[in-house]
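Notes follow once the structure below has been shown.
The values are calculated or read from the model by the stated rules, or taken from the named source; none is laboratory data. Given the structure is predicted, the values throughout are model-derived calculations rather than measurements. Cβ atoms come from the backbone with ideal geometry, glycine included; neighbour counts cover every protein chain shown.
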């Protein structure tokens, strides 16, 4: 029989931080992009440890509110590259179990397993993650993808829940409709108003009524509620058509230098994004959104395929210059590239020399943070955006 | 007083002129063409401000007038005209175009509003239109398409720095150069689509023409046609320096066969990354294409080879484009490493060089 195993790391970022720094173990912590510095205005708690969660701290909460709820909360800076390392290692291990894996997010995977005791596989995965990385994960096993995810929720943290088809009617009697991923507070409220509270209620409601309430998705949710889950695994990322980075400024601006400075951060992040997928791109566009929410875009084709930060930024600068003077204040800035290729033809005429300072810069930033050394440009961006190029 | 023009002559003239009438413009007058009658000729002019072309037709008339009419409707009527002649009569700000039983009355705009086509002044050379057309056709496929930061890559470079005219086109990834024996010592970069149309028209209307290199523009002239093209701004890449002087691996293959193989291999690769892999072993060339989750293609044919074995990959379309620039039965392929440009030229004649930058896989 085919089983879907869902693997979900418990409080992933926070667990990783506690694993790297054992002093944080057992303490309420909140992981933030930048807990000390510039980020005050917009940076939020990206993840909370279970200890912090018990006080009511949630991901996405502004640090001020989190500290009010949990005065002992320790805010720690995030280490995204470590999360990526754990993610890749786990993925590699899962590939030894199954060919069919959906790499769902940084801390979640779905794998298809054909065989008898999937619970033993689940236990192996948990043991592997604990041994390799010192963190825990939860595993849900069910005949379908969404069901597996729901099962995981039941066992969190550090749990393993296996729903066999015959178990499903039992658990559905008490699970609220919001247990289905996709049924959020609005949909839940709507269903409750109509007397539908549990998954069992949803299963027994006539399809036409559910469809009336939830539209076309209603039918799909009702199938889940009947224990029929045909949601397919997404095994392969579709090839990237374009890559974009954008940010809304804290205050709108008429100053091209500010846009340029913000653009520099965006270009750095874009360049990094292309490097990560080992690709280069040839066409670049920038888009600005003005105070009245109207937008304007401008693009150009470069002479060569590139993922070089300097080259991308040079084009950004030229495009930005061509849009000055801005008709109104600029409230958000974006940059994107298309014609992305992993296999590309280099230029006959131009060679891009990587910035000789790059390794040194990266070394400094890894050790002391991105802000420790920045292009002078960014001084202009300081008051406008807290974004950090990772 | 009307003037009579043979329908075929007029169609030919309009086809040439219409290439220079813009599809979209902010200056409505440019949707018109300028008609000038005098001294026994009808001169038709069109321009999009990037290029302009005047075409002269001999007519029987002592009349003289000038006016402008909407190009699209005028040309369409002439094409559909029922008789073999077309009569033009300019009355009271209207042009009456008639042919047999049909007639079309068109509103006109004053010729004074039409941009004047100034005569280009500069160094002038006399050239064979046939040779010019051959050279333009040989290289024109290799220019870049689309809005570029460096517009010269959309153009064909007329290079006279070595005394004989060489025509070069490149999009930065592949390049084609055609060496002619035309004695020209000036250089300019001209938009490929425009220059291709102009050389076609020149070759259709005479064996020789004059080419004038002016300030920021180049003029072409023969008895029938006068054309001006604005040069593309920017520095054309130093193309001579990227052509390899020597190559390590020398291959000679039948050209037609190579083209067929590329066509077959492209069937797969164009759905994915446009790459074909070429492997040269002793006496054989293997062309292959590989598309994950779809399949792979391979074909091995005997070739003449000298030098070390080599594997290389490149964009199949780039190879097709540089191969299309010459007619020789065999193609010479010169390679040095999988990072050096691939040299492609006719095996038994000089005068044409194609270069393709290999792909990074």
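When restricted to residues that are within 14 Å of chain A (Cβ to nearest Cβ) and in contact with a strand residue (DSSP E or B) (Cβ under 8 Å, 6 or more places away or on another chain), the range B:126-154 contains 11. Does residue B:177 qualify as being within 13 Å of chain A (Cβ to nearest Cβ) and modelled with pLDDT of 95 or more? The answer is yes for residue B:177.
Every test in (1) more than 12 Å from chain A (Cβ to nearest Cβ); (2) touching a residue at least 40 places away in the same chain (Cβ under 8 Å); (3) part of a strand (DSSP E or B) is passed by residue B:256 save one, and that test is (3). Counting only strands (runs of 3 or more DSSP E) that sit completely within the range A:1-73, those holding 1 or more residues that are touching a helix residue (DSSP H, G or I) at 6+ places or on another chain (Cβ under 8 Å), modelled with pLDDT of 85 or more and more than 30 Å from residue A:115 (Cα to Cα) correspond to A:29-32, A:45-48. Among the candidates B:44, B:29, the residue that is crowded, with 18+ Cβ neighbours inside 10 Å and either assigned to a helix (DSSP H, G or I) or not assigned by TED's automatic domain parsing to the domain that holds residue B:229 (or both) is uniquely B:44. The residues in the range A:271-303 that are under 21 Å from residue A:345 (Cβ atoms) and in contact with a strand residue (DSSP E or B) (Cβ under 7 Å, 6 or more places away or on another chain) can be counted, and the count is 11. Being under 33 Å from the mean Cα position of the chain (by Cα) and either in a helix (DSSP H, G or I) or buried (at least 20 other Cβ atoms within 10 Å of the Cβ) (or both) is a property that residue B:145 lacks.
Restricted to the range A:86-187, the set of strands (runs of 3 or more DSSP E) holding at least 1 residues that are in contact (Cβ under 8 Å) with a residue 40 or more places away in the chain and surrounded by fewer than 21 Cβ atoms within 10 Å (Cβ to Cβ) comprises A:101-105, A:108-114, A:160-162. Comparison of B:139, B:152 shows that the only residue that is out of contact with any helix residue (DSSP H, G or I) (no Cβ under 9 Å at 6 or more places or on another chain), outside the structural domain of residue B:10 (by TED's automatic domain parsing) and either loosely packed, with under 14 Cβ neighbours inside 10 Å or not in a strand (DSSP E or B) (or both) is B:152. The set of residues in the range B:213-223 being buried (at least 21 other Cβ atoms within 10 Å of the Cβ) and touching a residue at least 24 places away in the same chain (Cβ under 8 Å) consists of B:213, B:218, B:219.
Taking the range B:268-329 and the strands (runs of 3 or more DSSP E) fully enclosed by it, the elements with 3 or more residues that are surrounded by 22 or more Cβ atoms within 10 Å (Cβ to Cβ) are at B:275-281, B:310-315. Farther than 28 Å from residue B:222 by Cα and outside any loop (DSSP other than H, G, I, E, B), is that true of residue B:133? Considered against the rule, which asks whether it is farther than 28 Å from residue B:222 by Cα and outside any loop (DSSP other than H, G, I, E, B), residue B:133 comes out as no.
When residue B:234 is tested against (1) buried (at least 17 other Cβ atoms within 10 Å of the Cβ); (2) farther than 30 Å from residue B:57 by Cα, exactly one condition is not met: (1).
Does the range B:205-213 include one or more residues that are within 14 Å of the chain's Cα centre (by Cα) and modelled with pLDDT of 95 or more? Checking the range B:205-213: not a single residue is within 14 Å of the chain's Cα centre (by Cα) and modelled with pLDDT of 95 or more. Quick one: in the range A:240-270, which of the residues that are within 18 Å of the chain's Cα centre (by Cα) and outside any strand (DSSP E or B) is surrounded by the fewest Cβ atoms within 10 Å (Cβ to Cβ)? Checked the range A:240-270; the qualifying residue surrounded by the fewest Cβ atoms within 10 Å (Cβ to Cβ) is A:240.
Taken over the range B:337-361, the criterion of being more than 13 Å from residue B:247 (Cβ to Cβ), within 7 Å of chain A (Cβ to nearest Cβ) and not in a loop (DSSP other than H, G, I, E, B) is satisfied by B:360 alone.
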